[in-house]
Amino acid sequence: MLALTSITGKLGNAVLTAITSHALLPPSQLILCTSSPLSSPHWTTLQAAGARLRPFNFHAPDASTFAGCTKLFLVSSPDIALDFNDAPEGKGREGAHMAVIDAAVEAGVSHVYYTSLAFGARSKAGVMRAHLRTEGYLRGLEGRGRVRVTVIREGLYSESWPLYLGYFYLAGKGEERDEIVVAGDGRVCWTAIKDLGLGTALVLVDGSARWEGKTFYLSGAPEMARSLGEMAGLVGKARGREARVKVVGREEYVEYYVGRGRERSAVEWWSSSYQALEEGECEIRDGTLGELLASRGVTLKPVEETVKEMFGA
C-alpha cells in the first residue's frame, strides 16, 4: 500500500493524476492522506474504485493514517512561514516533516519517498534549509535501519517563474512593471509540474530496489535551462510588452519589495535564493526525468510553452 500526502497540492495532485491516468497502480493500493473534508465528492470516483481516504494533519500526525502502508510519499509542508527568521533546527518546516515520518515509521512504513527541492546539497538558500534538515533526519533513520529512504529533489516548477521574477503579478494579466528587480540571476532547469508528477509516480511504483537509498534530481534538461533575464524576455513576448530584469544587492532587493507591501521576514527568507541561482545550483545536470518520461513516450515540456499558456497565448 502506498500513502500519498498533499493530494490537493500542485505536486501531490500531479502525482496522483499520473498514477491514475497512466494506470500505474490500482486505486485499491492507494491511501489518500488529506486535510480536506473526507466527505468531499472530489474523491468519490477513486473511493468507489477502492482507494481509501484518511485524515492527515502536518501539525498533529497520527500513526493510524498510515496503518497498513509500506510506502509513504511525503510532500513537504506548504507552511513556509515556519522557516522565516532563520528558524533553528527542528522549528522550521522540518519539524512537521519529522513528526510525520516518525508517525509513519511507528505505523510500519518501511520506505519513505521525500520531495526535496532542486538546489545544491550545501545550499544557503532559505527555501532549501528545511529540505536539507529533513534529508538529514531521514538519513539518520536509514543508518539505524529504521526505514528505507528515497530523496527526490524536484525541479523548480516552470509555473513558478513569477515568484523568481520579483513576485510578478499575473492575475488579470495586470502587471505594470517593465523592469523587474531581482537579487541575482542564473540559469534554471525549469520543469513542468505535470512532468514532475509522472516522473515521480514512476519512481513510486517501481517494484525494484533501483531508488532505495538514492538522492537524485528530477529536472528539465540542461539545454532547456533559462536565466531570469531570458525568462523576462519570454514574458515580454507573451504579453506583448518588453520586460527586463535589474539585478541589485540583496538588501536593496529586500527594501524594494517591502516597500511594495511584502512581509519583510518572507522577503528576507526568499532573497537568499538568488545567491543559489548565481552559483549555478539550479542548472541541474541529471537526465533521470527525461529518461523516465521517455519510457512512457512523453517528452519534457519547454518552459516557453508554459509561459505562453499562463498568458493565454
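The values are calculated or read from the model by the stated rules, or taken from the named source; none is laboratory data. What you are looking at is a predicted structure, and each value in this text was computed from that prediction instead of being measured. For neighbour counting, all protein chains shown are included, and Cβ atoms are generated from backbone atoms with ideal geometry for every residue, glycine included.
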### Task
Identify all residues within the range 70-86 that are assigned to a loop (DSSP other than H, G, I, E, B), in contact with a helix residue (DSSP H, G or I) (Cβ under 7 Å, 6 or more places away or on another chain) and among the charged types (D, E, K, R); write none if there are none.
Asp79
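Could you tell me whether the range 260-280 includes any residue that is among the hydrophobic types (A, V, I, L, M, F, W, C) and not in a helix (DSSP H, G or I)?
Taking the range 260-280 as the starting set, the residues that turn out to be among the hydrophobic types (A, V, I, L, M, F, W, C) are 266-267, 269-270, 276-277.
Keeping just the survivors that are not in a helix (DSSP H, G or I) gives none.
No - not one qualifying residue is present in the range 260-280.
Of the residues in the range 87-130, how many are hydrophobic (A, V, I, L, M, F, W, C), assigned to a helix (DSSP H, G or I) and closer than 30 Å to Arg187 by Cβ? Can you show your working first?
First, pick out the residues of the range 87-130 that are hydrophobic (A, V, I, L, M, F, W, C): 87, 96, 98-101, 103-105, 107, 109, 112, 117-119, 121, 125, 127-128, 130.
In the following step, the residues that additionally are assigned to a helix (DSSP H, G or I) were identified as 96, 98-101, 103-105, 107, 127-128, 130.
Pick out the ones that are also closer than 30 Å to Arg187 by Cβ and you get 127-128, 130.
Final tally of qualifying residues: 3.
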### Task
Select, from Gly184, Gly240, Gly207, the only residue that is free of Cβ contacts under 8 Å to residues at least 40 places away in the same chain, over 30 Å from Phe73 (Cα atoms) and among the small types (Gly, Ala, Ser).
Gly240
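Give the residues of the range 182-211 that are in a loop (DSSP other than H, G, I, E, B) and basic (Lys, Arg), sorted by residue number. It would help to see each step written out before you state the result.
Start the filter on the range 182-211 by keeping residues that are in a loop (DSSP other than H, G, I, E, B), which leaves 183-187, 189-190, 192, 206-211.
Those that are in a loop (DSSP other than H, G, I, E, B) and basic (Lys, Arg): Arg187, Arg210.
Residue check: is Ala125 touching a helix residue (DSSP H, G or I) at 6+ places or on another chain (Cβ under 7 Å) and either farther than 21 Å from Pro78 by Cα or surrounded by 21 or more Cβ atoms within 10 Å (Cβ to Cβ) (or both)?
On the way: touching a helix residue (DSSP H, G or I) at 6+ places or on another chain (Cβ under 7 Å): yes; either farther than 21 Å from Pro78 by Cα or surrounded by 21 or more Cβ atoms within 10 Å (Cβ to Cβ) (or both): yes.
Yes.
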### Query
How do the pairs read when you match residues in the range 20-31 that are closer than 14 Å to Ala67 by Cα and of a type in the set (Lys, Arg) with residues anywhere that are part of a helix (DSSP H, G or I) and at pLDDT below 95, using Cβ under 7 Å and keeping only pairs 6 or more apart or on different chains?
none
### Query
Leu38 is checked against (1) touching a residue at least 60 places away in the same chain (Cβ under 8 Å); (2) outside any helix (DSSP H, G or I) and fails just one. What number does that condition carry?
(1)
### Query
Of the residues that sit in the range 131-166 and are under 19 Å from His111 (Cβ atoms) and in a strand (DSSP E or B), which one is nearest to the chain's Cα centre (by Cα)?
Glu154
### Task
Looking only at the range 212-256, count how many residues are touching a Phe, Trp or Tyr at 6+ places or on another chain (Cβ under 8 Å) and in a strand (DSSP E or B).
1
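Can you go through Thr44, Thr65 and tell me which one is at negative phi, surrounded by 13 or more Cβ atoms within 10 Å (Cβ to Cβ) and not hydrophobic (A, V, I, L, M, F, W, C)?
Values: Thr44 fails: surrounded by 13 or more Cβ atoms within 10 Å (Cβ to Cβ).
When all the criteria are applied, what remains is Thr65.
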### Query
Taking interchain pairs and intrachain pairs at least six residues apart, which have beta carbon atoms under 6 angstrom, with the first residue in the range 43-56 and without any contact (Cβ under 8 Å) to a residue 40 or more places away in the chain and the second part of a strand (DSSP E or B) and of a type in the set (D, E, K, R)?
none
